[in-house]
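Some notes on the structure that comes next.
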Amino acid sequence: PGRRPGGCRWPPRSPAGAALPAPARRPPAVKVTLASAAHLALLAALHDACFEEAWDEGALAALLATPGAFALVMTDEAEEPAGFVIGRAAAGECEMLSLGVVPEARRRGLGRHLVTAFAGHARKLAADELFLEVAEDNYAARALYAAAGFTQVGRRAGYYRSAASVRAALVLRASPHF
């Protein structure tokens, strides 16, 4: 125990001097839905809000028409679209192809909720392993995935290319049973 700047005791203590338990983090009140063709425009709008190089409705329709592909759409407490995750399952593996939370809804635990929903859906599809690629310099996403039990199993130099940069991707793997 010690004191933080400003003189407050850390960790907080009860009047009897015992350390108080850390407050429990409430899970976000969100709804996650398996997307259908009716969600293509929404998925494209969410992808556009989350990424500089967005996938349009045509690209999403083609992707989701492939065997094992799926998308989950999340709405927040106000029932506003807040994020999505797109994956593809085959041969006991499930790859996370894209995950995004709209900028105004970030830092509220929604990304973690989407990763958990993704793992749950992968289990329904009999996946024993989860895979994804993440930009090496995307520290927020890397922290999210590490907290969910993903570990690095590879690196792809020059995987992400844009007009502004070329970046490596880290290949991560986890069990869907975290």
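The values are calculated or read from the model by the stated rules, or taken from the named source; none is laboratory data. Since this is a predicted model, take the numbers as computed values, not measurements. When the accessible area is computed, the model is the full protein with side chains, heavy atoms only, and any ligands, DNA or RNA have been set aside. Shrake-Rupley method; radii C 1.70, N 1.55, O 1.52, S 1.80 Å.
Of note:
- Whole-percent carbon and sulfur share, accessible surface of region 138-178, 1.4 Å: 51
- What the phi angles of region 163-171 give under the Karplus curve with 6.51, -1.76 and 1.60, with θ = phi - 60°, is a coupling list of 4, 8, 7, 10, 10, 7, 10, 9, 9 Hz, glycine and proline written as x.
- Using the 1.4 Å probe convention, the accessible area of region 25-162 works out to 54 Å² per residue with neighbouring protein chains retained.
- Share of alpha-carbon pairs per 10 Å distance bin for region 81-157, given as whole %: 18, 53, 27, 2
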